[in-house]
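I have placed the structure first, in the form of structure tokens, so that the comments after it can refer back to it.
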């Protein structure tokens, strides 16, 4: 079964991480076998040559694993990298297969040591290389089969039994490696499913939270977000002693607009106004919000009286230049807005409700003075 890329990459990482265990086990096992052959059975030439072969394959595999570990994220899903790793394990398997053949002798102890060592290496590789079945097979098959064939060629009931035992052992280890691989696959599959589910829930929660703080009609912040932001900015700026300006904006004669054009057109009009309003409150700490009905509010942290007054005037002009027809308007014949602005220096004396009331007074003055204008005030620093 072809593994999905994420799971295949996870299995590859597991294989690389376990390679140090596999290499260490192979080196220790080889030293023990070579020492026994060298000192106990006087096979000095064969032991030295074989140990040299094992060390060469060890160094090559260690070098390859180090290279892959440094580039693990780039090559985790690279089929060619996996193939090269499998081929490198086959070199170790071949080296052990060579040892299994040249160290077989009529000495029962030597035969037991040789067969046990080869089987032990294959058994250990089932847990370390089992994450990648091709790598395990590339190691196990050349390690066991040459020895089994050599035993068969020796003839005799005992040798044949040992050969069959080795083949059966190999089959069992392949089955165990398959189960181990399937278990790892299932573990990573469940892990990724859980991560995906958590991510989906997180996104859903974030989306739900954003919706709870967004005005459904205009897409800008709603009253809840406005209240929370105003309180938090007042607290933040109080510590810095910085100014904060609040803009309240009302669409002039909007009830007459709805009466003349209908609520659908009225909603479209509010969307256009909200977009124009938000374009001017573009700094990171600024907030444009729908305050309620046809009223909008803008929070301008670290903005003084003159800056907020100029901004409010630009907003008024830009909305008037939208030229949204309004035959119910007694003034310009198009949609206009009135704005009230108030600026304070955050010192803890003015609360959110008080600031809103002060800006609302100036909004009332702008409307009382004929609408389509800005009225602004500020507290003495």
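Nothing in this text is a laboratory measurement; each read-out follows from the coordinates by a stated rule. Keep in mind the model is a prediction, meaning the values are calculated, not measured. All Cβ positions, even for glycine, are placed from backbone atoms using ideal geometry, and neighbour counts span all protein chains on display.
Of interest is the spacing of the C-alpha centroids, which for the range 362-376 and the range 177-201 amounts to 64 Å.
By other beta-carbon atoms within 10 Å, ranking 367, 351, 272 with the fewest at the front produces 351, 272, 367.
Taking the helices alone, the chain has a mean residue ellipticity at 222 nm of -24000 deg cm²/dmol, built from -39,500 (n - 2.57) per DSSP H run of at least 4 residues and averaged over all its residues. I'm spelling it out carefully: the read-out is semi-axes √(5λ) of the Cα gyration tensor in Å, the candidates are (i) 40, 22, 19; (ii) 85, 22, 15; (iii) 30, 27, 20, and one was derived from this structure. Which label? Step by step, semi-axes √(5λ) of the Cα gyration tensor in Å for this structure corresponds to label (ii). Taking the C-alpha atoms only, the angle from helix 263-280 to the longest principal axis of the chain is near 70 degrees. Taking the Cα centroid of the range 88-103 and of the range 202-249, what is the distance between the two, rounded to the nearest whole Å? Centre-to-centre distance over Cα atoms comes out at 70 Å. Against the main long axis of the alpha-carbon atoms of the chain, helix 44-70 sits at an angle near 10°. Relative to one another, the C-alpha centroids of the range 2-42 and the range 290-321 are positioned 70 Å apart. The stretch between residue 306 and residue 357 holds 16.4 nm of extra length on full extension. This uses 0.36 nm per residue minus the Cα-Cα distance. The equivalent ellipsoid that matches the C-alpha gyration tensor of the range 5-197 spans semi-axes of 33, 19, 12 angstrom, in descending order.
For the chain, the longest principal axis of the C-alpha atoms and the axis of helix 223-240 are separated by about 90°. Peptides 206-214, 178-186 ranked from most to least packed, by the mean per-residue count of other Cβ atoms within 10 Å: 178-186, 206-214.
Report the FRET efficiency, 1/(1 + (r/R0)^6), for residue 200 and residue 275, where r is their Cβ-Cβ distance and R0 is 41 Å, rounded to 0.05. My answer for the efficiency is 0.85.
Sorting 44-50, 82-88, 142-148 by their mean Cβ neighbour count within 10 Å, with the most densely packed peptide first, gives 142-148, 82-88, 44-50.
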